[in-house]
Amino acid sequence: RVSKWLSRHLRHHSELVTPDPQGWVSLNTLLLVVPNWMTLEAIKLAVSGNDKQRFTIDDNRIRANQGHSIKVDLGLVAVEPPEFLYHGTFHAAVAAIEAEGLSKMKRHHVHMSTDTDTAVTVGRRSGTPVLFKVRAREMSRVGYHFFCSDNGVWLTERVPPDYLERMP
């Protein structure tokens, strides 16, 4: 419940808080607008206990590590990706992905993982997961940029269909 509230207000448009250009919000400011059931201890527990490490707390500030639909500059630096990355999705999206590739939609980047288990978990959110293998290093060699967020999620602007392989 805390994590969902934080995601909504730190990653997407919020009428309650305005992150700075790098996505940070002072914890003191946040505590002025959170619901009365949410405490600083609950926020810290949600941040430290989140298996996906969606948030970072540093210097009495908090921010989401990726997944923003609002404009932020996370200070990500392009890095060489592993040979393959994985993206989990749901069946209704497969035809469009196979025809057009992966697009960032309303987010800043396409999200990928280094392992199939994480991709399955992501794809399972909307039903039976479908996995795609991304030939990331090959993409990088022809000029696509990849970034790795603080919580290990790999990011890129888009993945053309020529670099995707649907996994069985």
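The values are calculated or read from the model by the stated rules, or taken from the named source; none is laboratory data. As the structure is a computational prediction, the values presented were derived from the model and not from experiment. Neighbour counts are summed over all protein chains in view; Cβ atoms, including those assigned to glycine, are modelled from backbone coordinates with ideal geometry. Note: areas computed on protein heavy atoms with side chains; ligands, DNA, RNA excluded. Shrake-Rupley method; radii C 1.70, N 1.55, O 1.52, S 1.80 Å.
In region 18-30, how many residues are assigned to a loop (DSSP other than H, G, I, E, B) and hydroxyl-bearing (Ser, Thr, Tyr)? Break it down into steps so the answer makes sense when it comes.
Quick first cut of region 18-30, residues assigned to a loop (DSSP other than H, G, I, E, B) only: 18-24.
From the residues that got through so far, the ones that are hydroxyl-bearing (Ser, Thr, Tyr) too are 18.
The qualifying residues number 1.
Of all residues in region 141-168, those that are farther than 23 Å from Ala96 by Cα and open to solvent by 50 Å² or more (accessible area, probe 1.4 Å) have Cβ atoms under 6 Å from Cβ atoms of residues that are not in a helix (DSSP H, G or I) and not hydrophobic (A, V, I, L, M, F, W, C), 6 or more apart or on another chain, in Asp150/Thr56; Asp150/Asn65. For region 31-61, a residue qualifies if it is closer than 23 Å to Leu76 by Cβ and either part of a helix (DSSP H, G or I) or of a type in the set (Lys, Arg) (or both), and the qualifying residues are Val47, Ser48, Lys52, Arg54, Arg61.
For region 72-103, the set of residues classified as farther than 24 Å from Arg141 by Cα and open to solvent by 40 Å² or more (accessible area, probe 1.4 Å) consists of Asp73, Phe90, His91, Ala92, Ala95, Ala96, listed by residue number.
Checking each residue in region 121-168 for being among the β-branched types (Val, Ile, Thr), over 15 Å from Ala78 (Cα atoms) and touching a helix residue (DSSP H, G or I) at 6+ places or on another chain (Cβ under 9 Å) picks out Thr128, Val130, Val134, Val159.
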